[in-house]
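A.B. asks: Below you'll find the structure I mean.
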Amino acid sequence: MVGARASPNNRPVRTAPSRVTDRPVVRRAPFCSARLSGFGLEKGTTVAQRKTSARIEAPSYLRTAEVADILHVSPKTVSRWAKEGKLPFLKTLGGHRRYPEAQIRELANDLREEPTG
């Protein structure tokens, strides 16, 4: 019986349920263990605790405002350049653009003008 405990005379005493119903709470893991085994992960490990010793550096991506700060233009200009194909980008599932940091910084270095003396 959920929410029951023994009383001094060994009769079950019902306690107040923690939820609206007396059904037991079932917590499910977000991932199936079969999915985890294919990636070298075991149940309960986090992504940072991978079994492989070599660290794979994932490419980092910038948001539109961050690209605008690096290139010294407005975020609207960055969006327009992306639409015109002048900037590389990926679209997230939510429809937002993300720009590869390495390529944006390389572009910013190429566009930088050296002062003439």
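Computed from the coordinates by the stated procedures, all read-outs in this text should not be read as laboratory data. Treat the numbers as computed from the prediction; the structure is a model and nothing was measured. Positions of Cβ are backbone-derived with ideal geometry, glycine not excepted, and every protein chain shown enters the neighbour counts.
A.B. asks: Given the condition under 20 Å from the mean Cα position of the chain (by Cα), exposed (fewer than 13 other Cβ atoms within 10 Å of the Cβ) and in a strand (DSSP E or B), answer yes or no: does some residue in region 80-93 qualify?
C.D. replies: Yes, that holds for at least one residue.
A.B. asks: In region 59-79, which residues are touching a strand residue (DSSP E or B) at 6+ places or on another chain (Cβ under 9 Å) and not in a helix (DSSP H, G or I)?
C.D. replies: Answer for region 59-79, where residues must be touching a strand residue (DSSP E or B) at 6+ places or on another chain (Cβ under 9 Å) and not in a helix (DSSP H, G or I): Pro59, Ser60, Tyr61, Leu62, Arg63.
A.B. asks: Kindly establish whether Pro75 is more than 19 Å from Pro59 (Cα to Cα) and either in contact with a Gly (Cβ under 7 Å, 6 or more places away or on another chain) or surrounded by 10 or more Cβ atoms within 10 Å (Cβ to Cβ) (or both).
C.D. replies: Judged against the criteria, Pro75 is a match.
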